[in-house]
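Each remark here refers to the structure printed beneath this line.
The values are calculated or read from the model by the stated rules, or taken from the named source; none is laboratory data. What you see is a predicted model, and the numbers here were worked out from it, not measured in a lab. A quick note on method: Cβ atoms are made from the backbone with ideal geometry, for glycine too, and the neighbour counts reach across all protein chains shown. Heads up: the accessible areas ignore ligands, DNA and RNA and are worked out on the full protein's heavy atoms, side chains in. Shrake-Rupley method; radii C 1.70, N 1.55, O 1.52, S 1.80 Å.
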Amino acid sequence: MRILFAIALTGKRFALQKGKLGTAPSSFSHCSFWVRAFSSGVYREKLSRNVLKDIKLDDAIGLFGQMVKSRPLPSIVYFSKLLTAIAKMKKFDLVISFGEQMQKLGISHNLFTYSIFINCFCRSSQLHLALAILGKMMKLGYEPDVVTLNSLLNGFCHGNRITDAVSLVDQMVEMGLQPDTVTFTTLIHGLFLHSKASEAVALVERMVVKGCQPNLVTYGVVLNGICKRGDTDLALRLLKKMDEGKIKPGVVIYNTVIDALCKYKHVNDALDLFNEMEIKGIKPDVFTYSCLISCLCNYGRWEDAAGLLSNMIERKINPNVVTFNALIDAFAKEGKLLEAEKLYEEMIKSKDCLPDVVTYNILIKGFCKCKRLDEGMELFRQMTGKGLVGNTVTYNTLIQGFFHDGNCDSAQMVFKQMVSDGVSASIMTYNILLDGLCNNEKLETALVIFKDLQKSEIEIDIFTYSIMIDGMCKAGKVGEAWDLFGSLGLKGLKPDVVTYNTMLSGLCRKSLMQEANALFRKMKEDGILPNSGTYNTLIRAHLRDGDETASAELIKEMRSCGFVGDASTFGLVTNMLHDGRLDKSFLDMLS
DNA sequence: CTAGGGTTAG
């Protein structure tokens with residue numbers, strides 16, 4: 001309790017007086033059911049019948065306007081019902097604004113309305129204002145209860161204060177309040193949000209011991225957290241556990257697990273779950289179908305995808321923009337731009353689900369891959385013309401497209417456009433930019449940008465360094481690349497297999513085989529597993545260097561690791577067989 | 001007689 005007080009007192013003054021959120025519209029043109037109900041005096045009855053949960057936003061605003069004008073003023077109970085309904089629509093700012101208006105009109109708040117405001121501030125990332133409200137209400141003599149503190153707990157969990165969240169639960173107990181299922185579920189969610197998955201899972205067990213049974217929400221939180229980590233086995237076990245208990249998983253729970261199975265490459269298990277839904281009478285929805293269709297497309301299982309598509313149409317589940325995008329993406333990835341465009345045209349014609357920025361990103365990427373940059377740009381203009389705003393992906397795609405097409409000027413022009421359009425460039429954008437410049441013999445320009453990047457706020461990843469090391473090596477500046485590689489440790493970055501391969505290939509290109517061998521040893525010492533690329537690069541270099549023995553040994557090692565010679569290695573060996581530099585037996589060893 | 005927690009597809 002002490003800590004709570006301390007937190008509350010450091011908070012700012014009662015925030016509802018600030019009025020920074022403006023006021024709600026006081027006039028409304030249509031005469032809605034709610035307003036009529038209110039003015040004819042039946043609002044008390046209507047409000048008490050729990051019908052407010054279905055109220056539309058406009059009606060809620062109108063109703064509030066009527067309520068504050070009516071005399072005598074309606075009881076605070078009616079206000080809190082209305083505010084709850086608006087909070088459920090996630091219009092947190094509006095709830096706060098209404099709270100301010102009530103305050104100005106002299107309507108005093110109570111524990112319930114204060115709790116609503118605390119919830120709204122927490123959910124709109126204004127934890128400090130939530131704490132200010134808590135301070136204010138406690139000064140007025142209202143003791144926060146489990147509901148109030150659960151809201152605050154949620155605020156701590158979302159506000160990067162997981163330690164405070166954990167101690168808040170301890171304080172609840174000290175205050176003599178019994179944490180309930182909501183408390184545990186909130187904290188479990190917070191632990192997942194802060195990557196403390198095992199603590200989250202352990203807490204599920206603890207809550208059972210404390211007499212709180214996990215409910216559907218708890219399972220939703222836990223399954224979602226587990227699925228995001230890719231622990232599909234545990235997810236499937238939990239799904240079974242729900243069945244054994246009395247909690248019926250609904251379509252959303254199934255969708256979550258099906259999605260994870262798709263993402264983590266267990267397509268057939270996902271299809272099994274889809275069939276299981278059928279048996280249990282749980283109706284799949286557009287999420288279920290879109291997820292499975294897109295996954296099947298990614299695996300090239302067109303027939304199966306088409307089957308599901310017609311199945312969903314038969315069942316009158318309308319494909320939406322995500323479904324269309326999955327199909328357009330499938331065609332575009334196959335290079336079938338004509339078909340992709342046909343689907344896009346169909347979307348526009350039918351008007352039921354219009355293309356969005358993702359649709360355009362998919363199509364633009366398709367055109368870029370075919371080096372049809374003019375058409376890619378044309379689509380970009382079409383999209384902008386429709387009032388859609390390009391995002392980082394859109395610009396990244398075009399920049400990369402122009403670079404791959406060897407058109408550095410246009411690439412840099414798009415980058416400038418991106419900056420002037422106010423779309424933030426991510427490290428991915430810079431990686432594309434640096435990679436493009438390096439691959440188009442513009443190492444010097446890349447170095448200038450790289451230096452600026454190092455000074456900026458943007459967090460450079462290991463991939464950026466790999467790109468620069470590669471660029472330097474390709475420009476013949478292996479010494480500089482080596483220095484950059486060596487500086488990684490000082491920056492707290494660990495070279496990964498790509499960085500090692502890049503550096504190795506640079507050394508090999510200069511026939512610095514001793515250095516390459518030493519680096520290869522260091523790589524293994526550092527616990528970085530060589531991949532097929534590592535071995536093939538070294539094997540080719542040793543062959544070019546005339547060291548048949550070293551190559552042969554590496555081939556043995558590579559094959560024992562389950563890798564095989566790649567196309568370039570086979571090409572080199574074939575050439576060397578032809579001009580007699582290699583013996584036929586060498587080819588047998590490789591294949 | 002009112003307040004609190006969560007989740008899914010491109």
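Checked against (1) under 18 Å from A:Pro179 (Cβ atoms); (2) surrounded by fewer than 24 Cβ atoms within 10 Å (Cβ to Cβ); (3) near DNA strand B (Cβ under 7 Å from one of its atoms), A:Glu143 passes all but condition (3). The sole residue among A:Ser195, A:Ser125 that is in the same structural domain as A:Ala87 (by TED's automatic domain parsing) and not in a helix (DSSP H, G or I) is A:Ser125. If you go through the stretch A:300-326 and keep only what is assigned to a helix (DSSP H, G or I), hydrophobic (A, V, I, L, M, F, W, C) and more than 21 Å from the chain's Cα centre (by Cα), you end up with A:Trp302, A:Ala305, A:Ala306, A:Leu308, A:Leu309, A:Met312, A:Ile313. Against the conditions (1) closer than 19 Å to A:Thr218 by Cβ; (2) part of a helix (DSSP H, G or I); (3) within 9 Å of DNA strand B (Cβ to nearest atom), A:Pro179 satisfies every one except (2).
Against the conditions (1) among the basic types (Lys, Arg); (2) assigned to a helix (DSSP H, G or I); (3) within 30 Å of the chain's Cα centre (by Cα), A:Lys522 satisfies every one except (3).
Part of a helix (DSSP H, G or I), surrounded by 15 or more Cβ atoms within 10 Å (Cβ to Cβ), assigned by TED's automatic domain parsing to the domain that holds A:Leu111 and basic (Lys, Arg): does that describe A:Lys53? Spelling it out, it is not the case that A:Lys53 is part of a helix (DSSP H, G or I), surrounded by 15 or more Cβ atoms within 10 Å (Cβ to Cβ), assigned by TED's automatic domain parsing to the domain that holds A:Leu111 and basic (Lys, Arg).
Among the residues of the stretch A:416-423, at least one is farther than 24 Å from A:Gln514 by Cβ, among the hydrophobic types (A, V, I, L, M, F, W, C) and outside any loop (DSSP other than H, G, I, E, B). Do you know which residues across the stretch A:464-508 are closer than 15 Å to A:Asn439 by Cα, among the hydrophobic types (A, V, I, L, M, F, W, C) and open to solvent by 50 Å² or more (accessible area, probe 1.4 Å)? Once the filter is applied, which keeps residues that are closer than 15 Å to A:Asn439 by Cα, among the hydrophobic types (A, V, I, L, M, F, W, C) and open to solvent by 50 Å² or more (accessible area, probe 1.4 Å), the stretch A:464-508 yields only A:Ala475. Residue check: is A:Val209 of a type outside the set (Lys, Arg), open to solvent by 90 Å² or more (accessible area, probe 1.4 Å) and more than 8 Å from DNA strand B (Cβ to nearest atom)? Judged against the criteria, A:Val209 is a match.
Restricting to the stretch A:212-224, count the residues that are assigned to a helix (DSSP H, G or I) and more than 8 Å from DNA strand B (Cβ to nearest atom). Counting residues in the stretch A:212-224 that are assigned to a helix (DSSP H, G or I) and more than 8 Å from DNA strand B (Cβ to nearest atom) gives 1.
Of everything in the stretch A:230-253, what is charged (D, E, K, R) and crowded, with 17+ Cβ neighbours inside 10 Å? Give them in sequence order. Give the derivation first.
From the stretch A:230-253, those charged (D, E, K, R) are A:231, A:233, A:237, A:240-241, A:243-244, A:246, A:248; that's our starting set.
Once the filter is applied, which keeps residues that are charged (D, E, K, R) and crowded, with 17+ Cβ neighbours inside 10 Å, the stretch A:230-253 yields only A:Asp231.
Counting only residues that are more than 11 Å from DNA strand B (Cβ to nearest atom) and farther than 21 Å from A:Gly281 by Cβ, the stretch A:227-260 holds 8 of them. The residue that is nearest to A:Cys297 (Cα to Cα), among those in the stretch A:340-371 that are of a type in the set (Lys, Arg) and in contact (Cβ under 8 Å) with a residue 24 or more places away in the chain, is A:Lys365. Of all residues in the stretch A:278-299, those being away from DNA strand B (no atom under 12 Å from the Cβ) and either part of a helix (DSSP H, G or I) or among the hydrophobic types (A, V, I, L, M, F, W, C) (or both) number 3.
In the stretch A:85-111, of all residues being among the aliphatic types (A, V, I, L, M) and part of a helix (DSSP H, G or I), the one that is surrounded by the fewest Cβ atoms within 10 Å (Cβ to Cβ) corresponds to A:Leu111. Looking across the stretch A:555-570, the residues that are assigned to a helix (DSSP H, G or I) and more than 11 Å from A:Met589 (Cβ to Cβ) come down to A:Glu557, A:Ser560, A:Ala567, A:Ser568, A:Thr569, A:Phe570.
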